[in-house]
Structure formats: C-alpha cells, structure tokens
Amino acid sequence: MSERTIALVTGANKGIGYEIAAGLGALGWRVGVGARDGQRREAAVAKLRADGVDAFGVPLDVTDDASVTAAARLLTEQAGGLDVLVNNAGVTGGMPQRPGGVDVATVRAAVEVNVIGVIRVTEAMLPLLRRSASPRIVNMSSGVGSLARQSASTGEEQTGPLSVAYAPSKSMLNAVTIQYARALGDTNILINAGCPGFTATDLNGFRGVRTPQQGAAIGIRLATLPDDGPTGGFFEDAGVVPW
C-alpha cells in the first residue's frame, strides 16, 4: 500500500460526492474520482487539481460488473491500493413513486444503483481494503431510509415525499451496511452509513436547504474515523439516526 491515504468516491463528479472528494483531498489524501461520464469526470478532476487536490479519474459505472472490476484494477496499478471507499453514487429511480401509481421499473432502477451497485463496488474493493492499515467504508444513505422516522411521522420534513422506490432503497442500504459490519467485525474495517440531510443537488431538483459542502461533512467525518471509531452505525451531523 502507498504511504499516502488513498480514497475512492463514487459519483464524485458533482454535488455531495465532489465535495467529499474535495474535503478528503484537502487532508492531503489522494482521491479517485469515480464517475461513469468521462467528460464530467475529467472536468471534476481538473477542478480538484486546480484547488491543490491530488485527484485522479476512475471510470466507474456501479451497475456494470466489468466497469467495477476495471476500477479495482486501476486502483491497484495506479494508486497502489485503497484505504477508504465512499459509496456515494445514487439515483431516485425516476418519478412517480407514490404507492398505487408506481412502475416497478422505477423501484428496480433505484435498487440497482443504491443497493446492488454499493454491494458490487464494495465486493470488488474489499481485497484492497483488507490490505490497508486503517480501512473505512462509508455508505451515503438518507434519513428518509429510517423506518423509525417513516413510521413515527407524517411530515415530509422528516419522511420526504411518499416513495416506494428511493426511500426503501436507502432502508435496504442501511440493512446491507449492518450485514457488512457483522461480517467484518473481526477485521479493522469500519463501515457506517451517513445521512447528508436535505441537500440541494440535481437529485432533488436543487430543492434542498443544505449546501453540498454541508451534505459532505458527515461522509468526510465517517471516512476519517479513528481506529476505535464506531462501525455498523447510521449517522448525521446531529448524531445517530434511528433505524
């Protein structure tokens, strides 16, 4: 492994992912900008480098096995390994999502990226992470995936709009996070889910009330946990998010 900390952030060409990459780069880390769109990926890399970040592009489509395998190989050959994985790439799946009027293809699209994509990337990167001295995995989730909040409130400020695709996909991502934490409990890999809050990004038509920099803060915090930090948890800036 390289003496420098190496991170990969998926969906890092814009929004929260970009700001997580920028924040980790500001710590002196080398950061892989994972994105499927080549032009946007390289534009993000160029912008990060202009700000002094040691960034490099990682072609990555989380829905494609070959792309993910190639990304793991690139990290091995060009970066020497991987210390921190931030699974940030996500989609809504499309609209409408209200129960009683949803196309199952919308649900499938959300789960494919937000859940299966995370599993696919994590599985490919685990052999690299196992060789790191202080490996971390951060799954960028959402408070709308909290079953406790969904069942205890009818206000959209807590639950988001009615959703049978996006919100449940984040609930499943939270469950996946717990399973990995259980499986990796006898290793030094810490894995947690983070909620960025209602952040203004193109995912929600920029209707959010938080900036991407604010939304990135929890991802950066979980990526930089000390060796005795928590694992298998769900966090936001204010603390623990109820499952």
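Relative contact order (percent) for the stretch 1-45, with alpha-carbon contacts under 8 angstrom and 6 or more residues of separation?
Computed over the stretch 1-45, the figure is 43 percent.
Using the Kirkwood radius over Cα pairs, work out the Stokes-Einstein diffusion coefficient for the stretch 107-243 at 25 °C and 0.890 mPa s, in µm²/s as a whole number. Before the final figure, lay out each step's value.
Numbers: Rh = 15.4 Å.
Here the translational diffusion coefficient equals 159 µm²/s.
Mind ordering 159-167, 103-111 by average Cβ neighbours within 10 Å, highest first?
Values: 159-167: 20.8, 103-111: 16.4.
Ranking the peptides 159-167, 103-111 by packing returns 159-167, 103-111.
As an exercise, use a Förster radius of 35 Å and the Cβ-Cβ distance of residue 116 and residue 148 to find the FRET efficiency, rounded to the nearest 0.05. Mind dumping the intermediate values first?
Details: r = 25 Å, r/R0 = 0.70.
Plugging the Cβ-Cβ distance into 1/(1 + (r/R0)^6) gives 0.90.
Could you work out the Kirkwood radius for the chain, taking every pair of different alpha carbons, averaging 1/r and inverting it, reported in Å?
On the way: mean 1/r = 0.0564 Å⁻¹.
So the Kirkwood estimate lands at 17.7 Å.
At a Förster distance of 25 Å, what's the computed FRET efficiency of residue 27 paired with residue 73, Cβ-Cβ distance as r, to 0.05?
On the way: r = 26 Å, r/R0 = 1.03.
Taking R0 as 25 Å, the efficiency between residue 27 and residue 73 is 0.45.
To the nearest 20 debye, what is the magnitude of the charge dipole of the stretch 91-243 about its Cα centre, counting +1 on the Cβ of each Lys and Arg and -1 on the Cβ of each Asp and Glu?
Working: 12 positive and 11 negative charges, 33 e Å.
The dipole magnitude comes to about 160 debye.
With r as the distance between the Cβ atoms of residue 186 and residue 37 and R0 = 30 Å, compute the FRET efficiency 1/(1 + (r/R0)^6) and round to 0.05.
Details: r = 39 Å, r/R0 = 1.29.
For residue 37 and residue 186, the calculated efficiency is 0.20.
Quick one: compute the contact order of the chain, relative version, from alpha carbon pairs under 8 angstrom and 6+ residues apart, as a percent.
Working: 502 pairs, mean separation 46.0, N = 243.
In percent, rounded to a whole number, it is 19.
Quick check for me: using +1 on Lys/Arg Cβ and -1 on Asp/Glu Cβ, what's the dipole size of the stretch 22-75 about its Cα centre, in debye to the nearest 20?
On the way: 7 positive and 7 negative charges, 32 e Å.
With Lys and Arg at +1 and Asp and Glu at -1, about 160 debye.
Taking the Cβ of residue 83 as the center, what net charge do the other residues with Cβ under 15 Å away carry, scoring Lys and Arg +1 and Asp and Glu -1?
The answer is +2.
Mean projection of the alpha-carbon convex hull of the stretch 1-54 over all orientations, in nm²?
Details: hull surface 13.6 nm².
The directionally averaged projection comes out at 3.4 nm².
Just want the answer: with Cβ charges of +1 for Lys and Arg and -1 for Asp and Glu, which residue in 66, 185, 44 is farthest toward the dipole's positive end in the chain?
Checking the options against the dipole of the chain, the answer is 44.
Starting from the coordinates of the alpha-carbon atoms of the stretch 1-145, obtain the Kirkwood hydrodynamic radius over all distinct pairs and give the value in Å to one decimal.
Numbers: mean 1/r = 0.0647 Å⁻¹.
About 15.5 Å for the stretch 1-145.
Around residue 195, which amide H atoms from residues at least 5 apart in sequence, or from another chain, sit under 5 Å from its own amide H, with H modelled in the peptide plane?
Answer set, sorted by chain and number: 141, 235, 236.
Leaving ligands, DNA and RNA out of it, report the carbon-plus-sulfur percent of the accessible area of the chain at a 1.4 Å probe.
Numbers: 5870 of 10920 Å².
Looking at the chain in its full context, I get 54 percent from C and S.
The values are calculated or read from the model by the stated rules, or taken from the named source; none is laboratory data. Here the structure is a predicted model, which is why all the values come from computation and not from measurement. For neighbour counting, all protein chains shown are included, and Cβ atoms are generated from backbone atoms with ideal geometry for every residue, glycine included. What goes into the accessible areas is simple: the full protein's heavy atoms, side chains included, and nothing from ligands, DNA or RNA. Shrake-Rupley method; radii C 1.70, N 1.55, O 1.52, S 1.80 Å.
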